[in-house]
Amino acid sequence: MSDNLDPVLLMKQEVGRVAASRVKSDSIVGLGTGSTTAYAIEYLGILLAQGDLKNIVGIPTSFQAEVLAKKYGIPLTTLDAVDHIDLAIDGADEVDPQKNLIKGGGAAHTREKIVDSLADQFIVVVDSGKLVDKLGSSFLLPVEVIPMAISPVMRKLEQLGGKPELRMGIRKAGPVVTDQGNLVIDVKFDSIDDPAALEKTINNIPGVLENGLFVNVADLILVGEVKDNKPFVREF
Ligand code: 5RP
């Protein structure tokens, strides 16, 4: 693992490592997306190479996860080839006290929700900055939309009280295009009082593929913290 002294990176690295150490041999593992999960994938590769872990297969939630898994020597499979997932490890952009999440900072929430919700155990890996009292406090809600429906979906989201904006690429001209070839609208809601209801309402808009509210999906939240420049992990 790479050395660094940035506290946020230290937290991400440590929580990724701790989550990976919970994976057992002979298991099917959902591989999440994002910078925190990337450390878990890297550490899974180290455990496999050392022989401390044997016979695991990963199900990637994104092109990023697939690329990382290949880089670190983790064999991959698909949902067509397995009938269950033992454990999924994935990051989050916000976590509320009920363990509900906002995800989709990496525009991968559609595949993440499929894989994470199928897992017997879904472990969320976050640094302490992701914990909020109420979802929507600091992060916009990502909504994946089929391109032809962008305008009507934006109008519907405004009618629901949101302020939608099309996610634009960084170091790429034009909008972000998801792994499925769709676009992402990020929506600011002043207050998300009922995440379960909002998740369903948004997914009911024609043209919406999936939104980043993960309600009652997470089993365990591992939180990376730093004290005196030393990272540690607590269960939330
Ligand atoms: C990707 C996600 C990520 O898990 C989420 O954005 C957290 O990323 P990071 O670990 O880089 O902070 O939902 O769609």
Practice problem: Run the numbers on region 15-73 and let me know its relative contact order in percent, using alpha-carbon pairs under 8 Å that are six or more apart. | Solution: 42 percent
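In region 46-124, which trypsin sites (Lys or Arg not before Pro) are in a loop and have at most 11 other Cβ atoms within 10 Å, using DSSP for the loop call? Before the final figure, lay out each step's value.
On the way: sites: Lys54, Lys70, Lys71, Lys99, Lys103, Arg111, Lys113; in loops: Lys54, Lys99, Lys103.
Answer by residue number: Lys54.
Looking at the chain only, what percent of DSSP beta bridges run antiparallel? Nearest 5 please.
Details: 24 of 43 bridges.
The answer is about 55 percent antiparallel.
Taking the mean number of other Cβ atoms within 10 Å as a proxy for protection, how do you rank 139-148, 72-81 from highest to lowest?
Details: 139-148: 21.4, 72-81: 13.0.
In descending order of packing, they fall as 139-148, 72-81.
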Practice problem: Compare the Cα positions of Thr33, Gln50, Tyr72 along the charge dipole of region 1-93 (+1 at Cβ of Lys, Arg; -1 at Cβ of Asp, Glu; about the Cα centre) and return the one farthest towards the positive end. | Solution: Gln50
Quiz item: By its C-alpha gyration tensor, with a ≥ b ≥ c as the square roots of the eigenvalues, how is region 1-140 shaped: rounded for a/c under 1.5, else prolate for a/b larger than b/c, else oblate?
Solution: oblate
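Considering only Cα-Cα distances, which of the following residue pairs are longer than 32 Å: Lys163/Lys230; Lys103/Lys230; Lys130/Lys172; Lys70/Lys227; Lys70/Lys156? Could you put the intermediate results ahead of the total?
On the way: Lys163/Lys230 39 Å; Lys103/Lys230 27 Å; Lys130/Lys172 27 Å; Lys70/Lys227 34 Å; Lys70/Lys156 40 Å.
Table pairs above 32 Å Cα-Cα are Lys163/Lys230; Lys70/Lys227; Lys70/Lys156.
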Quiz prompt | Under 18 Å from Lys54, Cα to Cα: aspartates and glutamates that are on another chain or at least 8 residues apart | solution = Asp26, Glu42, Asp86
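Under unit Cβ charges (Lys, Arg +1; Asp, Glu -1), what dipole magnitude, rounded to 20 debye, does the chain have relative to its Cα centre? Numbers along the way, then the final one.
On the way: 24 positive and 33 negative charges, 97 e Å.
Computed charge dipole of the chain: roughly 460 debye.
Values in this text are rule-based calculations from the coordinates and carry no lab data. Quick caveat: nothing in here was measured; it's all calculated off a predicted structure. With ideal geometry, Cβ positions are generated from the backbone for all residues, glycine too; neighbour counts draw on all protein chains shown.
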